[in-house]
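Asker: This is the structure, below, for whatever I ask next.
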Amino acid sequence: MAEVVAGKKRSGWLRKLGWVFLILIVLLVIAYFVGTSSAVFKGVILPKVSKSLNANVTVQ
């Protein structure tokens with residue numbers, strides 16, 4: 001009977017760990033698409049690069 005209880009604990013622990021990894025992967029995919037979108041690139045990244053270089057940086 002002790003083996004069954006230990007198996008359930010391990011199963012629950014692995015299931016929670018799997019959900020955490022799944023959520024992290026989904027968040028990374030969302031962050032990738034948001035971070036590489038044209039609006040974020042032109043609205044956030046280019047102004048910071050232009051300011052740090054003291055130059056007007058444009059992208060076509």
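Asker: What length, rounded to one decimal in nm, is gained on full extension from residue 53 through to residue 11, with 0.36 nm per residue of separation minus their alpha-carbon distance?
Answerer: Between residue 53 and residue 11, full extension yields 9.8 nm more.
Asker: HN-Hα J couplings of the range 18-25 from phi, Karplus 6.51/-1.76/1.60, θ = phi - 60°, integer Hz, Gly and Pro as x?
Answerer: With the stated coefficients, the range 18-25 comes to x, 5, 4, 5, 4, 5, 5, 5 Hz.
Asker: Ranking request for peptides 43-51, 16-24: highest mean number of other beta-carbon atoms within 10 Å first, then the rest in descending order.
Answerer: 43-51, 16-24
Asker: Shifting gears a bit: From the phi of every residue in the range 43-57, what ³J(HN,Hα) in whole Hz does the Karplus formula 6.51 cos²θ - 1.76 cosθ + 1.60 yield, where θ is phi - 60° and glycine or proline is x?
Answerer: x, 10, 6, 4, x, 5, 5, 4, 5, 5, 8, 6, 8, 8, 9
Throughout, read-outs are computed from the coordinates displayed, never taken from laboratory work. Given the structure is predicted, the values throughout are model-derived calculations rather than measurements. Cβ atoms come from the backbone with ideal geometry, glycine included; neighbour counts cover every protein chain shown.
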